[in-house]
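Remarks on the structure that follows.
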Amino acid sequence: MNHLKTARPLLIMLLLSVFTIPISLFLNWQTSERVTNILFNYSQPLFLLFLGSYRFPRWIKVVLLFLGYILYSYMCLYYMIGFHNPHWGN
């Protein structure tokens, strides 16, 4: 049972990526964003999240998970809500 406890963060991150990345690809299919660009931009925060679930000292894990969640949240907002919407005039 203890083995499942350590795998829980990895399962949560995998489920997040399984749902959000295809939704982002679907929402941006008709735009000028390329699929490789979207996948590359999501890979960086996911890499930090997976590193944060590894056996590092606690403060390193906290920093990696914090940066990973912040970047992943930004990518979700960027590709799903449309922070890159050209009609907003930014």
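The values are calculated or read from the model by the stated rules, or taken from the named source; none is laboratory data. Predicted model, so just to flag it, every value in this text is computed and none were measured. Ideal geometry is used to build each Cβ from the backbone, glycine not excepted, and the neighbour counts take in all protein chains shown. Areas reflect the complete protein model, heavy atoms only, side chains present, ligands, DNA and RNA absent. Shrake-Rupley method; radii C 1.70, N 1.55, O 1.52, S 1.80 Å.
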Checklist outcome for this item: Counted residues in the range 57-84 being under 12 Å from the mean Cα position of the chain (by Cα), open to solvent by less than 80 Å² (accessible area, probe 1.4 Å) and not aliphatic (A, V, I, L, M) come to 6
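Does residue 54 qualify as being loosely packed, with under 15 Cβ neighbours inside 10 Å and outside any helix (DSSP H, G or I)? So that I can check it myself, show each step before the final result.
Numbers: loosely packed, with under 15 Cβ neighbours inside 10 Å: yes; outside any helix (DSSP H, G or I): yes.
Judged against the criteria, residue 54 is a match.
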Next on the checklist: Tell me yes or no: at least one residue of the range 18-30 is part of a loop (DSSP other than H, G, I, E, B), modelled with pLDDT of 75 or more and open to solvent by less than 40 Å² (accessible area, probe 1.4 Å).
Outcome noted: yes
